[in-house]
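Working notes for the structure below.
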Amino acid sequence: MTTIKDIANRTNVSPTTVSRVLNNDQTISVLEETRLRILQTAKELGYKTILERQAEKQVEAAKKAPNVGILLCQTLEEEMSDPYFLSIRQGVEEELLRQGITTTSMVRLHETGSNPQIYDFDSLIVIGRISEKALKKVSDHIQNVVYINHSPDDTLYDSVVIDFVKSTELALKHLLKLGYKRIGYIGGQEKEHINSGKVKIEDERLTTYEKVMEKEGLYEPRWTFIGEYQMSQGYALMKQAIQLKDLPEAFFIASDPMAIGALKALQEANLSVPNDVAIVSFDDIEIAQFTSTPLTTIKVHTKEMGKTGVKLLMDRLNGRTLPLKVVLPSELVVRQSCGAVK
C-alpha cells in the first residue's frame, strides 16, 4: 500500500507537506506546481486519503446492509388512534438506525392491494397480527421474519410478545385486593389479517378477565362491553355501562385510549373516578399520567418490544438458526384512578 513517505520520496517534498496537501489543508503555503505534482503522483501510485478510504468503506457497508422491510398490519388511522403500535414502530426504527441499517422500507398491509409482492426484502419485521398464509402472499421468499406482538409459530419464526394473561391477572388482582367486587370490562376486538381480510380472534385480556372473575364467583356477563380499540369506543361503551342499574364499582379497560374515552363519559355523568368508579387500564401511553384523573395502568414496554425485534433479526443475520420467542415483562403503574393513591 502506498504511503505518504513513498509520495514524498518521489516528489522530493517533505512528508509533512505531502500530508497537508493531500488532506486539503488550506493554510499551507506551497507552489501550485508542487501541489499538482504531489496530487498527480498520489494518483499514479494509487494513494487514498483517510476520508476516501472511509467513504469507500461506507459504500461497501451500504451494499452489504440488509434490505429490511417493516410490515404494518394497522392502517394509519388505527395506528394514530392507539399509540401502542406506533410506539412499537418507533422502537423498531430507532434500533435499525442505531444498528446502521438505513436500507429499509415500510408498507402497510392494507396498501399491498391485489399484487402484494412489491418489495424485494431480505428480511422482514411484522408489527401486528397476520396469518402465515397471508404473510406468504405478501412475500414468499423471505427467510428472516420477526413478529412483534404476535407469534404464529414459535418453531419457525422469531417473535417478541408480552404475556397478556399475566398482565390482566395483575390488573384484576390489584382491584380485588382493594376490595372491589363488581368489576366490569371494556375492551376491543383482536383481529388477525388473513388473505380475505380480517378475522376476529381470541383476546386474552377478555378471556382472562372472564376466568378470573368466574374463579372468584364474581363474573357477571352484563358488565362486559366490547367494541373497537378506539378512544371514541371507550366513551360510547362507558355511556352504555352507565345505563345499568348496578353500574360496576370498578373497570378493567383493555387500552389507555379507551380508558380516556371512558373517563370523559363518567365526567359527563357527574361520576367521580375513583370514588364512584375505579379504573385500571392497559398500555401506559404517555398521556395516561396526565389525564383528568391519572390512570393506574399496566405498563407495556412497547418501544423495547420494537428494539428487541431488531436485535433478534440482527442475530439471525449473523448466523443463528434456532427461532427465539422473547416474552417481555409488564408491570402495574399505580396512580389515582384505582383509588389506591389519594
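The values are calculated or read from the model by the stated rules, or taken from the named source; none is laboratory data. Treat the numbers as computed from the prediction; the structure is a model and nothing was measured. Cβ placement follows ideal geometry from the backbone for every residue including glycine, while neighbour counts extend to all protein chains displayed. The accessibility values were calculated without ligands, DNA or RNA, using every heavy atom of the protein model including side chains. Shrake-Rupley method; radii C 1.70, N 1.55, O 1.52, S 1.80 Å.
Pop out the ³J(HN,Hα) list for the stretch 275-286 in order, Karplus 6.51 cos²θ - 1.76 cosθ + 1.60 with θ = phi - 60°, rounded to Hz; leave Gly and Pro as x.
4, 8, 9, 8, 9, 10, 10, 8, 2, 6, 5, 4
Are there any GluC sites (Glu not before Pro) in the stretch 168-255 that are in a DSSP loop and have at most 10 other Cβ atoms within 10 Å? List them by number. All intermediate terms of the calculation are to be shown ahead of the outcome.
Numbers: sites: E169, E190, E192, E202, E204, E210, E214, E216, E228, E249; in loops: E202, E216, E228, E249.
When the GluC sites (Glu not before Pro) of the stretch 168-255 are filtered for loop state and at most 10 Cβ neighbours within 10 Å, E202 remain.
Which whole-angstrom value gives the distance between the alpha carbon centres of the stretch 4-50 and the stretch 283-342?
Cα centroid to Cα centroid, the span is 57 Å.
Suppose only helical runs count, i.e. DSSP H with n ≥ 4. What mean residue ellipticity at 222 nm does that imply for the chain under -39500 (n - 2.57) per run, divided by all residues and rounded to the nearest 500 deg cm²/dmol? Can you show the working numbers first?
Values: 12 runs with 141 residues, N = 342.
For the chain, the value works out to -12500 deg cm²/dmol.
Residue-wise, which Karplus ³J(HN,Hα) couplings in Hz belong to the stretch 300-311, taking 6.51 cos²θ - 1.76 cosθ + 1.60, θ = phi - 60°, and x for glycine or proline?
3J(HN,Hα) across the stretch 300-311, in whole Hz: 10, 7, 5, 4, 5, 4, x, 5, 5, x, 5, 4.
Out of these labelled values of mean projected area of the Cα convex hull in nm², (1) 16.7; (2) 25.5; (3) 17.9, which was calculated from the coordinates shown here?
This structure yields the entry labelled (2).
Of the beta bridges DSSP finds with both residues in the chain, what % are antiparallel, to the nearest 5? Before the final figure, lay out each step's value.
Numbers: 9 of 46 bridges.
Expressed as a percentage, antiparallel bridges in the chain total about 20.
Can you tell me what share of the DSSP beta bridges in the stretch 246-338 is antiparallel? A percent to the nearest 5 is fine. Each step should come with its number before you reach the end.
Numbers: 4 of 11 bridges.
For the stretch 246-338, the DSSP antiparallel bridge percentage is about 35.
Filter K191/K264; K166/K303; K166/K325 down to the pairs with a C-alpha to C-alpha distance above 22 Å, please. Don't jump to the answer; show the numbers that get you there.
On the way: K191/K264 26 Å; K166/K303 20 Å; K166/K325 17 Å.
Cα-Cα > 22 Å for K191/K264; rest within.
Let me spell out the model: positive unit charges on the Cβ of Lys and Arg, negative unit charges on the Cβ of Asp and Glu, origin at the Cα centre of the chain. What dipole size does that give, in debye rounded to 20? Walk me through the intermediate numbers first.
Details: 42 positive and 46 negative charges, 141 e Å.
That gives the chain a dipole magnitude of about 680 debye.
To the nearest 20 Debye, how big is the dipole of the stretch 270-342 about its Cα centre, given +1 on the beta carbon of each Lys and Arg and -1 on that of each Asp and Glu? Numbers along the way, then the final one.
Working: 9 positive and 7 negative charges, 78 e Å.
Value, rounded to 20: 380 debye.
Using +1 at the C-beta of Lys and Arg and -1 at the C-beta of Asp and Glu, which of T3, G187, G319 has the Cα lying farthest in the positive direction of the dipole of the chain?
Of the listed residues, the answer is T3.
Taking all protein chains in place and a 1.4 Å probe, what share, in percent, of the accessible surface of the chain do carbon and sulfur account for? Please report the intermediate quantities before stating the final value.
Values: 8700 of 17570 Å².
Of all accessible area on the chain, carbon and sulfur atoms account for 50 percent.
Stretched out fully, how many nm does the piece from N12 to Q99 gain, at 0.36 nm a residue minus the Cα gap? List each step's numbers first, then the result.
Working: separation 87, 0.36 × 87 = 31.32 nm, distance 4.54 nm.
Contour length minus the Cα-Cα distance gives 26.8 nm.
Can you give the net charge of the other residues whose Cβ lies under 13 Å from the Cβ of A259, counting K and R as +1 and D and E as -1? Don't jump to the answer; show the numbers that get you there.
Numbers: positive: R205, K264, R335; negative: D82, D256, D283, D284.
Combined, the nearby Lys, Arg, Asp and Glu give -1.
What is the magnitude of the charge dipole of the stretch 173-263 about its Cα centre, with +1 placed on the Cβ of each Lys and Arg, -1 on the Cβ of each Asp and Glu, and no other charges, expressed in debye to the nearest 20? Present the calculation step by step, with values, prior to reporting the outcome.
Numbers: 13 positive and 13 negative charges, 44 e Å.
In total the dipole reaches around 220 debye.
Quote the relative contact order of the chain in percent (integer), defining contacts as alpha-carbon pairs under 8 Å separated by 6+ residues.
Numbers: 583 pairs, mean separation 59.9, N = 342.
The value is 18 percent.
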